[in-house]
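Novice: One structure coming up, written as structure tokens, with questions to follow.
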Amino acid sequence: MSIPSDLALFQSIVEKLLKEEKENPVAPYNDVAHLQKTLDLCPEKEAMSESDFATALEKLVLNTPRTGSQGFFNQLFGGRKSKAVLGDLLAVVLNNSMYTYKVGGPQIIVEKEIIRRVSELAGYGNESGGTFAPGGSMSNMMAMIMARDSADSNASNKGVHQKLIAYTSSESHYSIPKNAAFTGIGRDNVRYIEADKFGRMNPEVLATAIQEDIDAGNKPFFINATAGTTVLGAFDPIQEISAISKKHKVWLHVDGAFGAAVLFSEKYKHLISGIEHSDSFSLNAHKMLGTPLSCSMIFTKDKKKLYSSFSNKASYLYQTGDDDYNPGKTSLQCGRRNDALKFWTLWKALGDEGLEEIVEKEFELADYARDYVRSNSDYTLYSFDNSIAVCFNYKDYDPDKLCELLYENAELMVGYGIFKGEKFIRLVFVNSENSKEDIRNFFIKLEAFTEKNEVLLNDKSTVG
Ligand SMILES: *Cc1c(COP(=O)(O)O)cnc(C)c1O
């Protein structure tokens with residue numbers, strides 16, 4: 001075994017996968033027991049022959065869910081941007097740990113440049129900073145930790161000894177309560193602010209909730225506004241929320257894991273206007289920007305907050321260089337995978353214009369899908385304009401069951417969502433490689449499938 005022969009194997013498997021993906025965008029569905037029986041998955045005592053190994057690996061790859069294909073709409077990531085894939089492959093081969101300049105070299109500058117350019121686009125000033133975290137949930141946690149330490153400078157040494165309260169909308173991501181549990185805030189100290197009929201946080205309800213906590217002797221410390229909610233893709237009104245955060249001196253974080261990528265678009269950046277007044281925000285390039293998982297960033301307007309919450313002395317690690325180029329000083333973890341290079345290869349190759357095109361294409365596809373749904377009386381629309389999530393039901397079919405059957409029959413990968421008690425199919429547009437034709441085909445496929453499977457769909461005894 002050697003790198004050249006494994007690269008040849010890699011190329012041959014990838015070529016087969018790409019061909020398969022085109023012909024069958026959804027991988028065959030099999031249950032766990034069947035896959036355990038038919039795939040060779042258990043590592044054995046003895047080495048395998050090269051050819052048996054190649055066969056086992058190829059079979060595994062071809063039976064894996066196809067997230068890069070035109071049939072995948074299941075989550076907030078999808079597609080495959082080839083320049084970003086190239087960067088990630090190189091990051092694996094280079095295998096730098098991105099904690100020090102000594103070990104990362106120019107890759108550290110790559111990371112810093114990305115942080116600097118995105119901060120600039122968000123209207124953050126010269127004192128701003130940021131870092132790559134292992135995912136949006138962790139980016140949000142870093143924000144919560146900075147907010148906690150800003151509200152209570154004893155928290156990191158002595159523990160949390162007062163009732164710190166966090167505010168987030170009822171439609172926000174589950175990482176907020178989870179992070180409250182991790183950071184010593186406590187899940188019970190998260191207030192869920194009611195969303196309006198468009199799924200956006202209601203600022204008046206927020207203001208009242210904060211006042212009530214102050215009156216009760218609690219200390220509001222963190223407001224999370226969401227840019228792109230998980231189900232409806234709604235954008236909380238950051239401008240109005242920031243006025244409340246300023247009035248009460250509460251840290252404002254914008255969870256932009258899904259939607260903050262609109263900052264690359266002239267046409268849609270109004271959706272996050274006011275982000276320049278926030279104290280921090282997160283952004284996942286692995287969602288709207290099509291970069292491979294994970295590629296998540298956290299930004300803060302005052303980079304001193306990053307150092308005061310995350311740095312630790314370590315003489316065995318920090319032996320050379322300037323803190324600014326030793327990102328291990330501001331990270332959650334010690335060893336750091338190079339998540340910056342894949343976003344850099346994409347951005348460097350396509351330019352700001354290219355990223356803008358990606359974002360605008362996704363909105364264009366969503367507009368197309370909404371028009372399709374609106375112009376066909378068999379469909380009901382549950383989501384709103386200016387969102388890349390299109391939520392709908394088709395006829396009276398149970399969305400849960402329909403999604404499950406589409407998956408089990410290897411037709412389409414799509415999921416369902418719930419908002420204010422209504423359940424519906426959630427079609428998300430995070431794959432800018434798709435065309436309007438692909439979206440039309442999605443609907444046609446869905447319609448044909450329901451027609452052929454009327455009996456199964458109406459059978460109340462099976463899953464649902
Ligand atoms: C996806 C998402 C997250 C979590 O990001 P991960 O990278 O999956 O941890 C947080 N908030 C929102 C709004 C998201 O859409």
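Novice: Rounded to the nearest 0.05, what FRET efficiency do residue 208 and residue 44 have when you use their Cβ-Cβ distance and R0 = 56 Å?
Specialist: Working: r = 63 Å, r/R0 = 1.13.
Efficiency, rounded to the nearest 0.05: 0.35.
Novice: What Kirkwood Rh does segment 385-464 have if only Cα atoms enter the pairwise 1/r average? Answer in Å. Walk me through the numbers before you get to the answer.
Specialist: Details: mean 1/r = 0.0747 Å⁻¹.
One over the average 1/r among Cα pairs gives 13.4 Å for segment 385-464.
Novice: Right, something else. Counting pairs of Cα atoms in segment 195-257, how many percent are more than 13 Å apart? Don't jump to the answer; show the numbers that get you there.
Specialist: On the way: 1182 of 1953 pairs.
Cα-Cα pairs of segment 195-257 separated by over 13 Å account for 61 percent.
Novice: With the cut-off at 28 Å, tell me which of the pairs 45/102; 247/305; 59/81 have Cα atoms farther apart than that. Walk me through the numbers before you get to the answer.
Specialist: Working: 45/102 39 Å; 247/305 20 Å; 59/81 24 Å.
Long pairs (Cα-Cα over 28 Å): 45/102.
Novice: Calculate, in nm to one decimal, what residue 361 and residue 396 gain on full extension: separation in residues at 0.36 nm each, minus their alpha carbon distance. Let's see the in-between values first.
Specialist: Details: separation 35, 0.36 × 35 = 12.60 nm, distance 3.07 nm.
Full extension from residue 361 to residue 396 adds 9.5 nm.
Novice: Okay, next question. Answer rounded, prolate or oblate for segment 1-56, using the Cα gyration tensor with square roots of eigenvalues a ≥ b ≥ c: rounded when a/c is under 1.5, else prolate when a/b is larger than b/c, else oblate.
Specialist: On the way: a/c = 3.71, a/b = 1.11, b/c = 3.35.
Since a/c reaches 1.5 but b/c is at least a/b, the shape of segment 1-56 is classed as oblate.
Novice: Measure off 7 Å from each Cα along the Cα-to-Cβ vector at residue 36 and residue 219, then give the distance between these two points in nanometres to one decimal.
Specialist: Each label point is offset 7 Å from its Cα along the Cβ direction, giving 5.1 nm.
Novice: Something else now. Sort 10-19, 358-367, 243-252 for me by packing, meaning the mean count of neighbouring Cβ atoms within 10 Å per residue, highest on top.
Specialist: Details: 10-19: 12.7, 358-367: 20.6, 243-252: 17.7.
Peptide ranking by packing, descending: 358-367, 243-252, 10-19.
Novice: Right, next: Could you tell me the calculated FRET efficiency between residue 117 and residue 267, based on Cβ-Cβ distance and R0 = 22 angstrom, to the nearest 0.05?
Specialist: On the way: r = 19 Å, r/R0 = 0.88.
Step by step, r from the Cβ atoms, then E = 0.70.
Novice: In addition: Which order do the peptides 348-355, 264-271 come out in when sorted by mean C-beta neighbours inside 10 angstrom, highest first? The partial results should precede the final answer.
Specialist: Values: 348-355: 14.2, 264-271: 17.4.
For the peptides 348-355, 264-271, the packing ranking is 264-271, 348-355.
Novice: Sorted by average packing, counted as other Cβ atoms within 10 angstrom per residue and highest first, what order do 337-345, 44-52, 278-286, 122-130 take?
Specialist: Working: 337-345: 24.8, 44-52: 8.8, 278-286: 27.9, 122-130: 18.3.
Those peptides, ordered most packed to least, come out 278-286, 337-345, 122-130, 44-52.
Novice: Tell me whether segment 2-119 comes out rounded, prolate or oblate; compute the Cα gyration tensor, take square roots of the eigenvalues as a ≥ b ≥ c, and use a/c under 1.5 as the rounded threshold.
Specialist: Cα axes put segment 2-119 in the oblate bin.
Novice: How large is ³J(HN,Hα), in whole Hz, for each residue of segment 73-78 in order, when computed from phi with the Karplus curve 6.51 cos²θ - 1.76 cosθ + 1.60 and θ = phi - 60°, using x for Gly and Pro?
Specialist: Going residue by residue, I get 9, 7, 9, 8, 9, x Hz, with x marking Gly and Pro.
Novice: Moving to a separate point now. By the scheme Lys and Arg +1, Asp and Glu -1, what is the net charge of all other residues having a beta-carbon under 14 Å from that of residue 29?
Specialist: Numbers: positive: 66; negative: 31, 404, 408, 411.
My count for the surroundings of residue 29 gives -3.
Novice: Moving on. In whole percent, what relative contact order does the chain give with Cα contacts below 8 Å and a gap of six or more residues?
Specialist: Numbers: 816 pairs, mean separation 94.8, N = 464.
Here the relative contact order equals 20 percent.
Novice: Any of 197/249; 401/436; 19/83; 348/423; 178/303 with alpha carbons more than 30 Å apart? Name them for me.
Specialist: From 197/249; 401/436; 19/83; 348/423; 178/303, over 30 Å: 348/423.
Novice: Right, another one. Note the full-extension length gain between residue 197 and residue 7 as 0.36 nm times their separation in residues minus their Cα-Cα distance, in nm to one decimal.
Specialist: 63.2 nm is the gain from fully extending residue 197 to residue 7.
Novice: What are the principal axis extents of the Cα atoms in segment 275-431, in Å, biggest first?
Specialist: Computed over segment 275-431, the largest-to-smallest principal extents equal 66, 34, 32 Å.
Novice: Then there's this: Against the globular-protein guess of 2.2 N^0.38 Å, express the Cα radius of gyration of the chain as a ratio, rounded to two decimals. Before the final figure, lay out each step's value.
Specialist: Details: Rg = 23.5 Å, N = 464, 2.2 N^0.38 = 22.7 Å.
For the chain, the normalised Cα radius of gyration comes out at 1.04.
Novice: Residues of segment 427-442 with backbone nitrogen within less than 14 Å of a virtual label 7 Å along the Cα-to-Cβ line of residue 82, please, listed as ranges.
Specialist: 433
Novice: About its Cα centre, what dipole magnitude does the chain give when the only charges are +1 on Lys and Arg Cβ and -1 on Asp and Glu Cβ, stated in debye to the nearest 20? The partial results should precede the final answer.
Specialist: Numbers: 52 positive and 63 negative charges, 280 e Å.
Using only the charged Cβ atoms, the result is roughly 1340 debye.
Where a number appears in this text, it was derived from the coordinates with a stated rule and is not lab data. Keep in mind it's a predicted model, so treat the numbers as computed, not measured. Ideal geometry is used to build each Cβ from the backbone, glycine not excepted, and the neighbour counts take in all protein chains shown.
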